[in-house]
Amino acid sequence: MKTRRIDNYGKINRDKILSFSWDKKNYKGFEGDTLASALLANNIGIVGRSFKYHRPRGIFSSGVEESGALVTIGSKDRRDPNVRATTQELYNGLEASGQNAFPNVNFDLAGINNYLGRFFAAGFYYKTFMGIPPFEWGRGTAIWMFFEKFIRKAAGMGSASGLPDPDTYEHAHDFCDLIVVGSGPAGVAAAIEAAEKKLDVILVEQDSLIGGNQLAENDFDNSQIKNQLENLGIKIMTRTTAFGLYDNCVVGLLERVTDHISEPNVNIPRQRFWTIRAKHIIVGAGAIERHIAFNNNDIPGVMTVNASKHYLNRYGVLTGKRIVIATNNDSVYETAHQLSEAGANVTVLDSRTNFEIETNKSFEIRKGYVPYNINGSKKIDSLDISKSEIINKSETINCDQVLLSGGWSPAVHLLSHRGVKPKWDYNNACFLPSDTNENITMVGSSRGLWNKNDCIASGIAGTTDALNRLGISKTNYFFPKPGGWKYPIQPLYEVKYKKSRSKSFVDYQHDVTTDDVRLAHREGFISVEHLKRYTTLGMANDQGKMGNIIGLSLMAELLNKEIPEVGTTVFRPPYTPVSIGALSGRNVGKHFRPLRVTPMHQWNIDHGAKMIEVGLYQRPWYYPKENETLSDSYIREASTVRKTVGICDVTSLGKIAVQGPDSTEFLNRIYSNGFSKLQVGKARYGIMLRDDGIVMDDGTSWRLAENEYFMTTSTGEAAKVMSWLEELLQTRWTNLNVNVTSVSEQWAGVSVAGPKSREVLNNCVDDSLVITNNNLPFMGVTSTFLKGNISCRIARISFSGELAFEVYVKSDFANTMMDLLWENAKKYDGCLYGLEALGALRVEKGHVTAAELDGRVTIDDAGLSKMASTKKSYIGSAMRKRGVLKNNDREILVGFFPTNLKETFNAGTIVCEKNNIKGQGIGRITSVTYSPELGHWIGIGFVKGGLDKWKDTTLVGADPVRNKQMNLKVVSPHMIDPKGERMYA
Amino acid sequence: MIRINCPYCGERDHSEFSYGGDATINYPSLDASEKEWTEAIFFRKNIKGFQFETWHHSNGCRMWLVVERSTVTHEIKSVKPCHPNLQKVVENNK
Ligand SMILES: [Zn+2]
C-alpha cells in the first residue's frame, strides 16, 4: 500500500515516528498527526459504516464537524466510542477501530441495509412503533417489540466499555476579565488588544495548536504569536473546548489533558471541566465549510475543500491524485492551486458563470458545472457532472477524490446557547450572529468575515466593544462588513438527480437524505424543530454542523419560503460532546457525596461497629460479637438495653442553639405543643409542622437558661430545620430577638439507655447527686461534669422507652466520654447498640421516625393529636385540619402483628382487606422488627380508620415485590410498657 | 449560571444558595383563617419578567436575601437582606 504522505509539506515532526493500530493492524504516523491524517497517509479510505444503511464512510473533514470518521479508541475499560478521528491526536501505541460494522468496516454484513433503504426512511422508528399497516394498523407495538433488538443492534454507533472508568477527572474554576474563544487571527488580535489594555485574558483553543484555520496555510508558523501572547500574560488554554455559554458570562470548558499522551502520569486527570466566570466573552470560533447534497455524496474520498488543505499543509498528506473540487464560492481557489502544485491533477467545478479567477492555469476551471452523481461504492471511481441549469448526464470525470465547498457557516453555536437567534444573510448565504445585550461579542469568520485582515480588524473592534461595555473606555469602533470574497457566492445546497431513490446525504452520520426531508414534508412535518426530530437531521454527534443549512434550504424550497422564514434550529450546549466522567469530576465512588462521620466514628469501629449510611452520615448499625449475624446482633443489643444498659451514638441528630429574649415565644410558635411554660432545666419533645399543616420534623428542646435552648432535630431534617428557623427569623418574624446557631458539629452525643443506665452514669459523673430521680426527673436537663472535669449536658430523654439519658460533650471529648461510659457499662453487662437495635426498641414503643413522617402525614395521622395545642396558634395550626386532612378515612398510625406469630413481614407491605387485595389497599407497613421483648415480628404503619376500626378484623399484608402474603392483626402502636412506667423509673 | 451578589460575601455562584420563594408574600398571622393561609401558601403568580424572590445563602453567610431577578433572562437587578434592619445597615454602609 502506497503512502499519501508527501515530502516538504506539513508541520508534523518527521523525526518522531509513532506506531498505532487500526482494526488490529499496525501502522505508522508522525508526531503532530491526528488519527485522521495518519489514516489518510496510510491510504485507509473506509473508517466507518453509516448509522442506518451501513454504507462505507471516510473522513469528511479535519475538525470537530466530522460526521464520518467516528471511531473507537482504546480497549477494555479505556474504550472510548464515537471519537472523531479528525480531532484525536496520534500517540505511540494508540489503538483505534471502526464501529457499527461486522466483521469490519471494509466488509460489513449489515451493508444489506443499503438495499433496504426504503424501510429505513424518515420516521422509521415511529412508524415501526405504530405497527405495520394494514395488519397492525393503529394496533401497535407487537412488531416493534419483535424487531426492536435487531434494529437496535443494526442501527447504532460504538459501544461503551460497560466497565468502571479507570481515569480521574477534575472540576476546575477560574475568573477573568475577558475570555476569548478561538485562536484564529480574530481571537488572537482581540486577546492581544485586551491584554495591552490591562485586561486579565484567557484564550481558549480546542486544537492542540493555536492559529485556527491559519494552521492550514503552508507558510504559517505560530511560534511568534505564541510568544507575544505569553509575554502579555495571557493564559493560553489549548486542547480546550468552550462547549457552552451560560448566564452571567459563565463559560464551560473541557480541557483534554492527557487524551493525546501514550502513557499519562496517573496523577494527572484525564480531562478537566472548567467553569470560567468572565466579565466579557469574545467568540472567534471560526466558520465551518458546508458540503453539497447530490447522489452518493458520501462515498469515501468525499471531503471538504478546507480539510484537504489542512491535510496537505499541516500534515503533509495529499488526499487525492485526481481531484475534482465542486464549489459555488471563491474560497477554494487557493487550495486548488496548492493541491495542483503538490502534484494532484485538479479540476474545479464552479456552479457560477460570472466570475474571473486568475490562476497559473495549473488546474482546470469548469464554470457553470455541478456534480450530480458519484460512481463507486467503497471508493470514488468517477464523477458525473453537468451544466448547472438542466441536470442530465453530460460528462463523467475519472477521479479518486471529490472536494466540496457549498459555502461557509459561521460558528454561531455559542451565541445560540444564550438564546440569540442568528439572522440569515442573503449575500453570503449563511446565518450571521445577531447583536446581544449580554457581554458577548462575535469576531472573525464567526461573524461572516472571510479574509484575514477583516478578521484581525474585527478582533480589535471586539475588544473595544468589550472595554466600552465594561465601562473602561468609550471609544468608537466599527466591524468590517460581512463577506470578503471578490465574487458573490451562488447558493447551492442540492443538485437534484432524476433517477429515483437517489441517496443524497444531508446529514452523514444519521444517514438523513434529501428524500427523507421531502418525505417528512409530505407527511406534514413543517416546523424545523419537528423536521429535525422526525428525520433525526442534525441530532448526531456533530449536531448538524455541516448539514443543517442544507436541510433548511430543502425545507424552504418545499414550503415555498425563504430560509429565514423557515427559521433555524436552536443550538444547545455542548458544542462538542463532553464525557460523563468530566461532568462528574471527582464526585464518583466514595466521593459521590460528602461523607459525615461522628467524632467517635473510629471509636465505634474499633469497638466492632458495622456502619450504615443514614443520609450523609455513617452511623453504627450493629456491633456483632464473634459470628453474629445482623439479626443475632441487634436482637441481643435490644434485649440488653431492656435488661441492663446500652450505649448508642446519637451525634448525628441536628443540634441548634436557640438564644435570645424571645426564644420561648419563638419555640412556642414553631412547635405544635406548648413551650411557654417549660421551666429552666427541663426538656420537651416537640413537633414542628409546615405552613400547610403537615408534620415537618420532631425533636426535643432543652431549656438551659431563661433565654437559651438546646434544640435537637432528626438526623435527616437537621439542615432543613435550620434553614427554616433562619427563614422565619429573617423574613417573617423580624421583630423577634432570637438567634439560632447550628451546633451539630460541636457536640457529641450518646444515649445511655436501660434500667442500669443511672448506675452507669453515677460512676461517670463528678457528682452523682445531680442525676438522682429527684434532681433529674424524666425530661430533666442538667449541665454538669463527667469525671476528668469534662463539661457535659445530660437530659433524661428516652427513645427506647427505658430509663435513659442523653449525654452530650464537646466533640473533642467524644472518645474520652465513650471510654468512660463503656468501661462502666461493661460492669453491668451492658452493650453498645446500633441503629438496628435502636429501630427495634422504638418500633416496640411505636415511636415515629422519617419512615413514618414522610411529608404526607399530619399530627393526627401519626397518632400524636395530643401534641397539637388547642390553647395557642402555631405554624401549621390553621392548615392542619384543612380539606382532605380532616377526612375520617385517613391512614392512621397503628401497630401490626402477623396473625400467625411465627410469620415475618417487611416494610413496604401493603395492607388490604381480606377479600379486596389490590391496588394501594387501605394502608401500609412502614417499619418492622423482631421484638425481643414480645418474641415475634412486629411492625408499625398506617391504616385507613386506624386501630378503632380494625382491632377485631384480620387484614392481609400483601407484598407482591417479594411474593409474600400474610394475615395481620392491627394493634396499638405502643406495644411495650404503654404507660411508660420504665421511663419514669 | 446565576451569580448572586450577596451583600455580605460578594458575588457568588447560585450553587452556594438555596432558592426560597416569592419574597412579596405577607404571611398572615398565626391565628388567621384557613382561607387566608391557603391564599398565602398555595397561590402564586407566574411572573414573566422581574420578580422578587428569596434566596438563602446556605453555603455562605446563611443570610436570607431578597433577589430581584428576571425569570426570562436571569438578570439580577438588586440583592438585599430580607431582614429590614439589616437592609438599613447595608444601605447605610454603602
Ligand atoms: Zn452571603
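The values are calculated or read from the model by the stated rules, or taken from the named source; none is laboratory data. Computed from a prediction, not measured in an experiment: that's the story for all the values here. Positions of Cβ are backbone-derived with ideal geometry, glycine not excepted, and every protein chain shown enters the neighbour counts.
Does A:Phe243 fit the bill of being in the same structural domain as A:Leu199 (by TED's automatic domain parsing), touching a helix residue (DSSP H, G or I) at 6+ places or on another chain (Cβ under 6 Å), closer than 28 Å to A:Lys545 by Cβ and not polar (S, T, N, Q)?
no
Pick out the one residue from A:Asp350, A:Asp400, A:Asp330 that is acidic (Asp, Glu) and free of Cβ contacts under 8 Å to residues at least 60 places away in the same chain.
Step by step, each of A:Asp350, A:Asp400, A:Asp330 is checked, and only A:Asp350 is acidic (Asp, Glu) and free of Cβ contacts under 8 Å to residues at least 60 places away in the same chain.
Go through the stretch A:570-589 and give me each residue that's crowded, with 19+ Cβ neighbours inside 10 Å and in a loop (DSSP other than H, G, I, E, B).
Across the stretch A:570-589, the qualifying residues are A:Phe571, A:Tyr575, A:Thr576.
Considering only residues of the stretch A:491-527 that are assigned to a loop (DSSP other than H, G, I, E, B) and of a type in the set (D, E, K, R), which is nearest to the chain's Cα centre (by Cα)?
Filtering first and then ranking leaves A:Asp511.
In the stretch B:72-94, which residues are away from every other protein chain (no Cβ under 12 Å) and either part of a helix (DSSP H, G or I) or more than 18 Å from A:Thr734 (Cβ to Cβ) (or both)?
Hits for the stretch B:72-94 are B:Lys77, B:Ser78, B:Val89, B:Val90, B:Glu91, B:Asn92, B:Asn93, B:Lys94.
What number of residues in the stretch A:797-821 are under 22 Å from A:Pro932 (Cβ atoms) and touching a Leu at 6+ places or on another chain (Cβ under 9 Å)?
5
I want to confirm something. Restricting to the stretch A:247-267 and keeping residues that are surrounded by 15 or more Cβ atoms within 10 Å (Cβ to Cβ) and more than 14 Å from chain B (Cβ to nearest Cβ), which single residue is nearest to the chain's Cα centre (by Cα)?
A:Leu254
Could you check the stretch B:59-68 and list, in sequence order, the residues that are within 13 Å of the ligand (Cβ to nearest atom), out of contact with any Cys (no Cβ under 8 Å at 6 or more places or on another chain) and more than 8 Å from chain A (Cβ to nearest Cβ)?
Residues satisfying the conditions are B:Asn59, B:Val67.
Going by the structure shown, is A:Ser61 surrounded by fewer than 24 Cβ atoms within 10 Å (Cβ to Cβ), within 31 Å of the chain's Cα centre (by Cα) and of a type in the set (Gly, Ala, Ser)?
It is false that A:Ser61 is surrounded by fewer than 24 Cβ atoms within 10 Å (Cβ to Cβ), within 31 Å of the chain's Cα centre (by Cα) and of a type in the set (Gly, Ala, Ser).
Filter the stretch B:5-60 down to the residues that are among the aromatic types (Phe, Trp, Tyr) and in contact with a Pro (Cβ under 7 Å, 6 or more places away or on another chain) and list them by number.
The answer is B:Trp37, and nothing else.
Test of understanding: among A:Glu613, A:Glu626, A:Glu562, which residue is at pLDDT below 95 and under 30 Å from A:Arg533 (Cα atoms)?
Unique residue meeting the criteria: A:Glu562.
Being of a type outside the set (A, V, I, L, M, F, W, C), away from the ligand (no atom under 11 Å from the Cβ) and more than 13 Å from the chain's Cα centre (by Cα) narrows it down to one residue among B:Lys80, B:Lys88; which is it?
Testing whether each residue is of a type outside the set (A, V, I, L, M, F, W, C), away from the ligand (no atom under 11 Å from the Cβ) and more than 13 Å from the chain's Cα centre (by Cα) leaves just B:Lys88.
Can you tell me which residue among A:Leu893, A:Leu934 is out of contact with any Lys or Arg (no Cβ under 9 Å at 6 or more places or on another chain) and in a loop (DSSP other than H, G, I, E, B)?
A:Leu934 is the lone residue from the list that is out of contact with any Lys or Arg (no Cβ under 9 Å at 6 or more places or on another chain) and in a loop (DSSP other than H, G, I, E, B).
Could you pull out the residue among A:Leu215, A:Leu203 that is in contact with a Lys or Arg (Cβ under 6 Å, 6 or more places away or on another chain) and closer than 29 Å to A:Val317 by Cβ?
A:Leu215
Quick one: what pairs do we get from the stretch A:510-535, first residue of a type in the set (A, V, I, L, M, F, W, C), second assigned to a helix (DSSP H, G or I) and surrounded by fewer than 20 Cβ atoms within 10 Å (Cβ to Cβ), C-beta under 7 Å, 6+ apart or different chains?
Correct list of pairs: A:Ile526/A:Leu559.
Given the criteria assigned to a helix (DSSP H, G or I), crowded, with 24+ Cβ neighbours inside 10 Å and not assigned by TED's automatic domain parsing to the domain that holds A:Ser811, does A:Leu554 qualify?
So A:Leu554 passes the test.
Scan the stretch A:868-885 and tell me whether some residue there is more than 41 Å from the chain's Cα centre (by Cα) and more than 14 Å from chain B (Cβ to nearest Cβ).
No, the stretch A:868-885 contains no residue that is more than 41 Å from the chain's Cα centre (by Cα) and more than 14 Å from chain B (Cβ to nearest Cβ).
Name the residues in the stretch B:6-58 that are within 16 Å of the ligand (Cβ to nearest atom), surrounded by fewer than 16 Cβ atoms within 10 Å (Cβ to Cβ) and more than 10 Å from chain A (Cβ to nearest Cβ), would you?
Of everything in the stretch B:6-58, those that are within 16 Å of the ligand (Cβ to nearest atom), surrounded by fewer than 16 Cβ atoms within 10 Å (Cβ to Cβ) and more than 10 Å from chain A (Cβ to nearest Cβ) turn out to be B:Tyr8, B:Cys9, B:Gly10, B:Tyr19.
Please find, among A:Ser751, A:Ser800, the residue that is crowded, with 18+ Cβ neighbours inside 10 Å, under 26 Å from A:Gln602 (Cβ atoms) and at pLDDT below 95.
A:Ser800
Do we have A:Val721 as away from chain B (no Cβ under 14 Å), assigned to a helix (DSSP H, G or I), aliphatic (A, V, I, L, M) and in contact with a strand residue (DSSP E or B) (Cβ under 7 Å, 6 or more places away or on another chain) here?
In short, no.
Any residue that is surrounded by fewer than 17 Cβ atoms within 10 Å (Cβ to Cβ) and over 41 Å from the mean Cα position of the chain (by Cα) - is there at least one of those in the stretch A:755-762?
yes
Inside the stretch A:295-327, can you point out the residues that are touching an Asp or Glu at 6+ places or on another chain (Cβ under 7 Å) and not in a helix (DSSP H, G or I)?
A:Gly301, A:Thr304, A:Tyr315, A:Gly320, A:Lys321, A:Arg322, A:Thr327
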